[in-house]
Amino acid sequence: MADGGAMHGADEARTPSVRADGVQVVGRIVATSLVVRAGECVALLGANGCGKSTLLRVLGGLVTPTSGSVECVRPIGYVAQDVRSSLLPWFDVTRNVSLALHGQRCGAGAIDQAVEVSGLERGLLGRRVSTLSGGELQRVALARALVPVPRVLLLDEPFSALDLPSRASVRAALRTFCAERHVAVVLVTHDLDDVRALASRAVVLEGTPGRSVGDGVALAHVDAWLGARAIGGLAR
């Protein structure tokens with residue numbers, strides 16, 4: 001007989017953590033079918049202005065769609081593209097990170113783990129975020145998204161301010177964190193190295209308003225698929 005824990009894990013993997021159908025925001029985006037299961041990372045690709053960030057905010061409950069349906073299990077971790085405006089400058093780093101717990105009691109281990117995955121220097125924990133660089137702010141935002149151990153993680157250009165060696169190490173740590181905890185990830189990026197390192201498949205939005213034209217493109221075929229459709233704004 002199969003182990004009960006294994007059966008529960010298999011059921012969880014089959015159950016969508018994220019589902020969006022026919023989502024529109026003032027005629028801006030259309031997601032004909034977006035399904036992300038536990039432990040899966042799906043990249044949202046497309047040119048600027050096609051609605052990738054808007055769709056991410058819809059999934060996170062920050063924007064209400066004018067039509068369509070959205071289901072997203074909680075807790076949700078979210079890293080905004082503009083991390084500076086998403087953090088509270090009058091608080092220090094530790095206070096900003098712990099805000100994601102919403103008052104829940106949590107051991108120091110959860111914050112330590114989130115800080116480790118984000119690569120944030122511990123010497124910065126007592127600093128106000130208003131004194132940090134762009135790359136440091138991005139690490140703070142990622143740590144805050146990870147500290148509640150989300151079931152769904154929404155990432156909008158989460159490594160764009162990091163130097164290349166740091167980007168590679170944070171991607172690797174994040175991949176391990178999400179795989180071990182079966183976190184469903186939706187990643188918006190213009191860097192195909194991010195896609196190759198984290199995602200198992202891609203959904204491509206095309207046009208304005210954006211429409212998903214490449215649901216479930218396998219990673220092995222992403223380069224050829226994008227080249228054939230001349231999708232702009234992606235760094236290979």
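Test residue 39 against the stated conditions and say whether it is under 21 Å from residue 181 (Cα atoms) and either open to solvent by less than 20 Å² (accessible area, probe 1.4 Å) or in a loop (DSSP other than H, G, I, E, B) (or both). So residue 39 passes the test.
Among (1) open to solvent by less than 30 Å² (accessible area, probe 1.4 Å); (2) under 29 Å from residue 196 (Cβ atoms); (3) polar (S, T, N, Q), which single condition is residue 96 missing? With respect to (1) open to solvent by less than 30 Å² (accessible area, probe 1.4 Å); (2) under 29 Å from residue 196 (Cβ atoms); (3) polar (S, T, N, Q), residue 96 is out only on (2). Residue count for the stretch 125-148, restricted to those that are hydrophobic (A, V, I, L, M, F, W, C), in contact with a helix residue (DSSP H, G or I) (Cβ under 6 Å, 6 or more places away or on another chain), under 24 Å from residue 176 (Cα atoms) and assigned to a helix (DSSP H, G or I): 6.
Listed here are the residues, each with its yes/no results for (1) open to solvent by 30 Å² or more (accessible area, probe 1.4 Å); (2) among the charged types (D, E, K, R); (3) touching a His at 6+ places or on another chain (Cβ under 7 Å).
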{"site": "89", "(1), (2), (3)": "yes, no, no"}
{"site": "111", "(1), (2), (3)": "yes, no, no"}
{"site": "118", "(1), (2), (3)": "no, no, no"}
{"site": "121", "(1), (2), (3)": "yes, yes, no"}
{"site": "135", "(1), (2), (3)": "no, no, no"}
{"site": "149", "(1), (2), (3)": "yes, no, no"}
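Selection within the stretch 48-80: residues that are open to solvent by 40 Å² or more (accessible area, probe 1.4 Å) and under 22 Å from residue 193 (Cα atoms). The member of this set that is farthest from the chain's Cα centre (by Cα) is 48.
Restricting attention to the stretch 71-85, the residues that are in contact with a helix residue (DSSP H, G or I) (Cβ under 7 Å, 6 or more places away or on another chain) and part of a helix (DSSP H, G or I) total 2.
The values are calculated or read from the model by the stated rules, or taken from the named source; none is laboratory data. The shown structure was predicted, so the numbers you read here are calculated from the model rather than taken from an experiment. Backbone-built Cβ (ideal geometry, glycine too); neighbour counts: all protein chains shown. Note: accessible area is taken over every heavy atom of the protein model, side chains too, but ligands, DNA and RNA are not part of it. Shrake-Rupley method; radii C 1.70, N 1.55, O 1.52, S 1.80 Å.
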